[in-house]
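The values are calculated or read from the model by the stated rules, or taken from the named source; none is laboratory data. Computed from a prediction, not measured in an experiment: that's the story for all the values here. Cβ atoms come from the backbone with ideal geometry, glycine included; neighbour counts cover every protein chain shown. Please note that ligands, DNA and RNA were not included when accessible areas were found on the heavy atoms of the full protein model with its side chains. Shrake-Rupley method; radii C 1.70, N 1.55, O 1.52, S 1.80 Å.
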Amino acid sequence: MAAIGKIRSWGPTLVAVIGLALFAFIAEELFRSCQATQNEQRQQVGQVLGDKISVQEFQALVDEYQEVMKMQGRENLSEEELNQVKDQVWNQFVSGKIIEKEAEKLGLTVTDEEMQNILREGTNPMLTQTPFVNQQTGRFDVSALTKFLNDYKQAQTSDPQLAEQYQSIYKYWKFIEKQLRQQTLAQKYQTLLAGCLLSNPVSAKASFADQNTESNILLASLPYSTVNDNDVKIEDADLKAMYNEKKEQYKQYVETRDIKYVSYQVVPSADDRNKLMQTMQEAQKQLQEGMAPAEVVRKNQSQAAYLGLPVTRAALPSDIAARIDSMSVGETSAPFETKSDNTLNVVKFIAKSQQPDSIEFRVIQVGGASVDAARKTADSIFTAIKAGAPFDTIATKYGQEGTKQWLTSAQYQNSSVIDAESKNYLNAILNTAAGELKNVELTQGNIILQVTDRKHMVDKYDVAIVKHTIDFSKQTYSDAYNKFSQYVSENKTLESLEQNAAKFGFTIQERNDMANYEHNVAGLRATREAMKWIFDAKAGEVSPLYECGNNDHLLVVALTKVHPAGYRDWESVKDALTQDVMRDKKFELLSKKLEGIKTLADAEKQGAKLDTVPQITFSAPVFVQATGASEPALSGAVAITEAGKMSAAPVKGNAGAYMFQVINRQEREGAKFDAKTQEGMLRQQAMQAAGRFMQELYQKANVKDNRYLFF
């Protein structure tokens with residue numbers, strides 16, 4: 001009993017221990033769950049209507065799009081072009097998800113039968129971008145597609161190697177098919193929406209009158225510019241009242257941020273330029289003294305290759321092509337600078353010749369057990385053809401077709417390097433006359449070459465170029481980095497960054513309303529880390545130092561303000577509000593000048609400029625020469641004023657206050673009302689209006705765009 005009593009006395013302690021153990025277990029599971037959720041969120045590129053897309057899924061879509069571009073002949077995309085691809089992929093993902101959800105609510109689908117009808121018609125522009133186009137008609141050929149799909153399906157089981165060759169075309173087609181389905185679904189939705197916007201004979205007649213009833217007026221203009229800004233008193237209450245009136249204009253649907261930053265570009269020092277100039281002067285001397293051009297170009301690590309073959313102007317850098325026009329053959333230029341590509345250059349103009357841009361030739365490749373055996377065989381072939389044996393027959397005897405082929409300048413002249421063997425072969429082709437036969441010796445055998453035609457004679461140039469970017473040295477970059485690093489480390493606040501920028505020779509720059517879908521900061525590439533910092537920082541914080549650009553820029557950023565999604569606060573749009581209030585107050589002042597005016601002559605006495613304005617219609621804004629502005633309000637006021645009458649009150653325009661008298665009004669000459677045509681035009685306008693539905697749907701789709709974290 002004593003033991004039981006003792007155990008009972010431990011009851012509260014045991015309950016507490018067990019409770020803590022349970023709490024620890026639950027907390028651990030909660031922590032793991034939260035950690036897993038955070039890890040998942042960190043891998044999300046974005047979200048649309050609750051549908052998430054991971055970085056892996058998005059990259060797969062980008063890769064798919066790039067493969068499509070390769071099929072269309074677009075390879076080696078620049079960074080800017082790749083960014084455009086990513087934007088295109090994101091926009092298609094977002095719009096696709098939105099349309100799918102809307103279509104699902106309405107029961108809209110694209111059936112397989114509808115797709116087959118589209119393919120049979122073959123008129124969709126996307127289909128002409130596929131390999132299944134009849135070369136004679138230029139139209140999409142559905143039978144060619146059907147045959148390919150059947151061949152691909154059979155090859156997967158009977159010929160895996162052929163199926164692999166077909167794979168890229170198959171993927172390309174599946175991409176086009178997917179795009180067709182999305183496009184067709186969007187068109188069905190838009191057509192259904194446009195069907196809700198109707199026209200009728202009454203609105204058609206009113207629209208025709210608005211377009212074709214012309215008024216000629218005598219106009220009195222008082223520009224707002226005649227009122228000095230200092231004579232207008234604007235208070236915060238005026239700005240707030242204007243803000244409340246126009247608040248909807250200041251609603252934004254994504255968060256934006258304001259920054260101030262210092263961007264410093266590292267440039268070559270005078271010492272860097274002098275050292276490069278010495279290198280170029282030495283290259284000039286070597287070329288002038290007759291050193292082998294290929295050796296000079298190689299030793300001086302020129303950015304322009306030297307092939308030792310004649311090339312057309314198209315193969316030369318543009319600055320060099322322009323330079324040789326003023327040079328003579330054999331001349332070597334002094335070092336000169338090209339601003340457009342930031343280089344120093346030395347050029348030796350070795351030779352100029354007239355050569356064909358296209359050469360037709362055929363060959364027989366001759367090998368053997370040894371090089372000597374190949375030489376003997378080649379000699380006998382050469383002798384036989386020289387004696388009249390048909391080239392084709394001899395080629396067939398040695399297991400070759402001997403077919404004719406064309407060599408163009410573009411096929412070799414843009415190469416960065418050509419080995420000695422290939423150069424020997426090319427020289428033989430270039431220097432063989434039409435109808436001539438040559439026995440060309442190569443390292444591993446011979447080639448029997450016959451040139452059959454030479455066309456399109458052009459000027460070709462043998463030019464040795466030593467081209468070097470004027471770049472900074474490691475020491476120059478180190479000095480610049482140390483200076484910028486000192487500035488950043490000594491100034492940890494925005495206030496001190498601004499106060500001490502001039503002391504270090506830097507300039508503070510400003511950028512407002514940055515959005516996270518932008519691809520760079522301050523117009524510099526390789527600034528993704530800075531972008532991530534901007535959208536993670538708090539107002540007033542200063543970033544670390546970033547090395548960016550083409551490894552030639554240093555950057556520090558300060559976040560000045562965050563504008564959340566929603567209505568902008570009135571102070572952030574103060575400048576725009578001030579302009580609106582200024583205009584209204586100037587109109588009030590000018591209106592008082594026009595009070596009691598009975599004739600336009602009286603208005604002229606008050607400083608107004610008189611002018612005749614012809615052919616005003618309600619459907620188009622009036623352009624007023626006196627104020628240099630388009631004035632829609634004036635068009636509306638003229639339309640409701642009877643012919644011969646003056647305006648009832650001054651009209652408030654964008655750039656001035658106006659009074660007018662309608663001189664006369666008439667129908668536009670030759671205009672005839674056709675109800676059917678006019679209603680059709682109104683329906684077309686309705687379709688265009690319906691085309692803006694995507695913006696409204698986007699705003700309600702709760703789109704989250706985190707691409708800046710990954711790309």
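Values computed for the structure shown
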| read-out | value |
| --- | --- |
| Euclidean distance of C-alpha centroids, the stretch 491-549 and the stretch 84-121, integer Å | 40 |
| 17 Å reach of a label modelled at Thr452, 7 Å along Cα-to-Cβ, counting backbone N of the stretch 347-366 | 358-365 |
| Given Lys376/Lys460; Lys52/Lys171; Lys423/Lys455; Lys70/Lys153, the pairs whose alpha carbons are separated by over 26 Å | Lys376/Lys460 |
| Dipole of the stretch 239-374, positive direction: furthest Cα of Val266, Val296, Met277, with charges on the beta-carbon | Val266 |
| Within the accessible area of the chain (1.4 Å probe), percent carbon and sulfur | 50 |
| Calculated log10 I(q)/I(0) by the Debye sum over Cα atoms at q = 0.06, 0.08, 0.10 Å⁻¹ (choose from [x] -0.75, -1.16, -1.32; [y] -0.39, -0.68, -1.03; [z] -0.32, -0.59, -0.95), label | [x] |
| Viscosity 1.306 mPa s, 10 °C: Kirkwood-radius Stokes-Einstein D of the stretch 490-541 over Cα pairs, µm²/s | 126 |
| Sites matching chymotrypsin sites (Phe, Trp or Tyr not before Pro) across the stretch 336-430 that sit in DSSP coil, with at most 15 neighbouring C-beta atoms within 10 Å | Tyr398 |
| Alpha carbon centroid spacing (whole Å) that separates the stretch 647-700 from the stretch 360-411 | 77 |
| For the stretch 298-376, projected area of the alpha-carbon convex hull averaged over all directions, nm² | 8.9 |
| Viscosity 1.567 mPa s, temperature 4 °C, Stokes-Einstein D of the stretch 219-368 from Kirkwood C-alpha radius, µm²/s | 56 |
| Spatially proximal aspartates and glutamates relative to Lys86 (Cα-Cα < 15 Å; intrachain offsets below 8 disregarded) | Glu57, Asp63, Glu64, Glu67, Glu518, Asp705 |
| Cα-based reach from Lys205 at 18 Å (exclusive), listing lysines while leaving out same-chain residues under 8 positions away | Lys672, Lys676 |
| Probe 1.4 Å - accessible area at Ser572, Å² to nearest ten | 40 |
| Cβ-placed point charges (K, R +1; D, E -1), dipole of the stretch 83-239 about Cα centre in debye, nearest 20 | 820 |
| The stretch 64-140: equivalent-ellipsoid semi-axes (sqrt of 5 x gyration tensor eigenvalues, Cα, Å) | 26, 24, 7 |
| Degrees between helix 79-106 axis and first principal axis of the chain (Cα, 0 to 90, nearest 10) | 50 |
| About the Cα centre, charge dipole magnitude for the chain (Lys/Arg +1, Asp/Glu -1 at Cβ), debye | 520 |
| Sequence-distant aspartates and glutamates (8 or more away, or on other chains) whose Cα lies within less than 13 Å of Lys438 | Asp379 |
| For the chain: accessible area per residue (Å², 1.4 Å) | 57 |
| Å³ per residue enclosed by the Cα convex hull of the stretch 163-297 | 618 |
| Cα→Cβ-extended label distance, 7 Å offset, between Gln400 and Met115, nm | 4.9 |
| Quotient of C-alpha Rg and 2.2 N^0.38 Å, computed over the stretch 523-628 | 1.99 |
| Between the stretch 569-627 and the stretch 163-201, the alpha-carbon center distance in angstrom | 49 |
| Cut-off 14 Å between beta-carbons: net charge of the residues surrounding Gln486, Lys and Arg +1, Asp and Glu -1 | +1 |
| Ranking by accessible area, most exposed first, for Glu102, Glu114, Glu235, Glu401 with a 1.4 Å probe | Glu401, Glu235, Glu114, Glu102 |
| Per-pair calculated FRET efficiency, R0 = 30 Å: Asn200 and Lys605 via Cβ, rounded to 0.05 | 0.05 |
| Accessible surface of Arg528 - all protein chains present, 1.4 Å probe, nearest 10 Å² | 90 |
| Alpha-carbon Rg with Dmax, taken over the stretch 301-449, Å | 19.7, 59 |
| For Ser619, solvent-accessible area (1.4 Å; no DNA, RNA or ligand), Å² | 70 |
